Structure formats: C-alpha cells, structure tokens
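Every number in this text was worked out from the coordinates using simple rules, so none of it is lab data. On a predicted model such as this, the values are computed, not experimentally measured, just so you know. Here the Cβ positions follow ideal geometry from the backbone for every residue, glycine too, while neighbour counts run over all protein chains shown.
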Amino acid sequence: NIHLIEEPPQEHDALIATLPLEPVYERPFSIVHPLRLYKDVWIAEKKLRGTLVMQHCFKSRPTDIFLTSFPKSGTTWLKAMTFSTLTRTNCSLDKHPLLTHNPHQCVPFMEVEFSTGRSKIIEVIPSPRVMSTHLPYFLLPDSIKESSCRIVYIWRDPKDVLVSAWYFTQKILGGPDKMVTFDQFFEFFCQGLTSFGPIWNHILGYWEESKRRPEKILFLKYENVLQEPVKYAKQLAHFIGCPYSETEENQHVVEQIVELCSFNTLKDFDVNKDGGRVMPSTDVRISKAYFFRKGEAGDWKSHMTREMAERLDTLIKEKFEGSGLQI
Ligand code: A3P
C-alpha cells in the first residue's frame with residue numbers, strides 16, 4: 001500500500017529556521033512555501049526538509065535510475081519516456097499506464113515524498129526503480145553519487161524555462177494578479193532567486209559531472225530532443241540498460257513510444273486534462289494539466305523584449321564560459 005503516511009520529518013527545522021529567507025514582496029513570488037538559501041541554492045522550505053532527511057537516510061540500489069532537471073526543463077517528458085521505455089515489454093501500448101496516469105504519478109519526486117512522510121513509497125518500488133529530483137548534483141545523497149546507479153539530466157534554454165515557470169507559478173497561485181509581474185520574475189530569475197536556482201549552477205553541476213563520468217550521467221537538451229526524439233529515445237534506452245533490439249526496431253517500437261510520450265498525445269489524455277492533484281499529499285495544489293502548456297522551443301520570443309533576452313543570454317554565456325557548454 002503506497003499510502004503509508006509517516007509523520008513529516010521535523011528534525012531539521014531548527015537549522016532551516018536559521019537560513020536566509022527570500023525577500024518579502026507585496027505579492028508572492030514563490031509557490032506557497034517560502035524559499036530558503038541553503039548552500040547557495042534557493043529551495044522551498046518544505047522540500048529542503050525532505051532533502052535533508054533524504055541525504056541522511058536514502059540508500060540507492062545499483063539498478064536505480066534518477067531523472068534530474070531544473071524545474072520546467074522537460075521533466076514530464078523525461079519521466080514519460082523513461083517509464084515507458086523501461087516497462088515496454090510488460091505494458092502493451094493500448095493499455096498503457098500513461099493512458100490513465102500522469103507521468104508524475106509514474107515516477108515520484110524524491111524530495112517531495114521525503115518531505116511529506118511518504119518515503120516508504122520509494123522503498124516499495126520494484127527494481128529497477130525510476131525516481132526523480134530537482135536537486136542540484138552536489139546536493140544529491142552520497143549514496144546516489146557513489147553507487148553505480150545512473151542519472152539522466154535534461155536541461156533547456158533558460159529563457160524558455162523562465163517563461164514556463166512564470167505560467168506554472170501563476171496557475172498554482174491563481175492568476176497573474178496573484179503574483180509578482182513578469183518583469184519582477186525576470187529580475188529574480190537573473191539573480192538566481194527561483195526554486196532550485198540559480199539555474200546556471202544547476203546545469204553546470206550536472207554538465208561537469210557528465211563530462212567526468214559519461215557512463216554515470218546522460219546529459220540531454222530539451223530542444224534537441226524535440227527536434228530528434230527518436231534519436232534521443234534510443235540513446236536513453238541504451239543508457240538505462242534496455243536498448244531496442246533489431247526486432248523492436250523493425251516493429252517501430254521506438255517510434256510508438258516517442259508518439260505515446262509526445263506533448264500532443266499526452267496533453268490530450270483525459271487524465272492530463274483533469275484538475276486532479278498530481279501529488280495529493282502535498283498542500284500545494286498542482287493539477288495534472290499544469291504540466292502541459294505549449295511544449296515548444298522559443299516561446300520566450302512572445303514574452304521578452306530583445307533587451308531582456310540579450311541580458312539573460314549574456315549572463316548565461318558568462319557563467320558557462322570555459323565549460324564547453326553553449327545555450
Ligand atoms: P512550456 O511551459 O514551455 O510549454 P517540466 O516537465 O520540467 O515541469 O517542464 C514543463 C514544460 O515541458 C512545459 O513547457 C510543458 O508544456 C513541457 N512538456 C510537458 N510534457 C511534454 C512532452 N511530452 N514533450 C515536450 N514538452 C513537454
């Protein structure tokens with residue numbers, strides 16, 4: 001039974017209370033839980049609590065697969081793809097769990113489960129487990145970094161991440177008039193003041209580690225995946241240890257999985273249209289439909305002035321300098 005609810009952990013609250021708090025504005029900026037600055041990362045208080053518990057007690061298995069990302073970078077696609085790739089021999093496409101479950105119900109967020117007293121649901125997932133986190137690489141539990149489990153990271157043009165985060169926050173808070181303006185949101189983003197920010201350190205942390213240990217971390221870019229989904233679906237399958245066989249290739253199984261997990265297919269499933277909560281145990285109301293908006297590259301052009309785009313691009317270029325990484 002996956003509804004085993006323990007008492008939400010509170011042993012780290014004294015430490016959390018000492019950490020810098022996001023500035024207070026007339027209208028809210030963060031989603032319900034205020035952000036705290038922990039080791040130069042802005043994390044919502046509640047998720048930070050879950051993170052600290054997880055760092056202490058999480059034991060990874062060598063077969064585990066962790067899906068990692070900065071929020072609004074393509075996590076939903078990555079969850080759908082990894083889950084359906086891994087389960088393809090025992091889930092027929094006409095009765096697939098993704099027809100009736102949102103991808104976030106198929107792959108749990110670790111920091112959320114650990115913060116809501118539901119860490120046991122992680123323990124009962126049969127191996128190979130697929131789990132996800134928005135934590136930066138350096139905050140992952142040592143057990144993940146040191147075991148032979150694998151990590152897949154997806155990143156995206158920060159300008160589109162910003163726009164996507166702006167709409168997502170708005171939906172949760174109940175409209176644009178319930179939160180800071182887009183211009184203010186942009187300023188915060190450029191200061192790194194956003195959930196799990198700053199984004200540049202997040203991307204660079206996984207990038208550097210993927211260069212050092214390519215067998216451990218697969219580093220994907222959302223825009224590339226959108227352009228050549230079949231190519232990256234094969235790369236993902238290979239990386240997680242279940243490459244497509246010749247027979248499967250001849251039967252176009254990879255194309256079928258790509259189609260199932262495409263934005264247009266998933267967003268039209270009734271389950272992803274309904275207003276039901278994705279994570280019923282959390283006190284933040286996040287409905288399944290919130291994860292499907294446009295699913296395109298370059299929507300920032302309709303939201304930012306040229307000056308804003310240039311400013312963010314320049315900032316990211318400066319941060320990425322010398323890393324070999326380009327937007
Ligand atoms: P937009 O708001 O730009 O449309 P995350 O999954 O990390 O929360 O990111 C959400 C973004 O991914 C949203 O971007 C959403 O529309 C897009 N998205 C969701 N499912 C997708 C899919 N199957 N393929 C491509 N993009 C998807």
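Tabulated values for the structure
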item: Per-selection Kirkwood Rh - region 180-324 (Cα, Å, 1 d.p.); result: 18.6 Å
item: Spread of Cα-to-Cα distances over 10 Å intervals beginning at zero, given as percent, for region 185-264; result: 16, 33, 30, 16, 4, 0
item: Computed lengthening from VAL32 to LYS171, 0.36 nm per intervening residue step minus Cα-Cα distance; result: 48.8 nm
item: Radius of gyration and maximum dimension Dmax of the chain, Cα, Å; result: 19.1, 60
item: Separation between Cα centres of region 126-156 and region 181-220, rounded to whole Å; result: 15 Å
item: Stokes-Einstein diffusion coefficient of region 87-214, Kirkwood radius over Cα pairs, 25 °C, 0.890 mPa s, in µm²/s; result: 141 µm²/s
item: Pairwise Cα inverse-distance average, inverted: Kirkwood Rh of region 62-114 (Å); result: 12.0 Å
item: From phi via Karplus (6.51, -1.76, 1.60), per-residue ³J(HN,Hα) for region 70-81 in Hz, x at Gly/Pro; result: 7, x, 6, 10, x, 4, 4, 4, 4, 5, 4, 5
item: Among GLN105, PRO28, PHE292 the positive-end extreme of the charge dipole of the chain (Cβ point charges); result: GLN105
item: Computed [θ] at 222 nm, helices only, for the chain once each DSSP H run of length n ≥ 4 contributes -39500 (n - 2.57); result: -12000 deg cm²/dmol
item: Bins of 10 Å from zero: percent of alpha-carbon pairs in region 161-209; result: 25, 49, 20, 6, 0
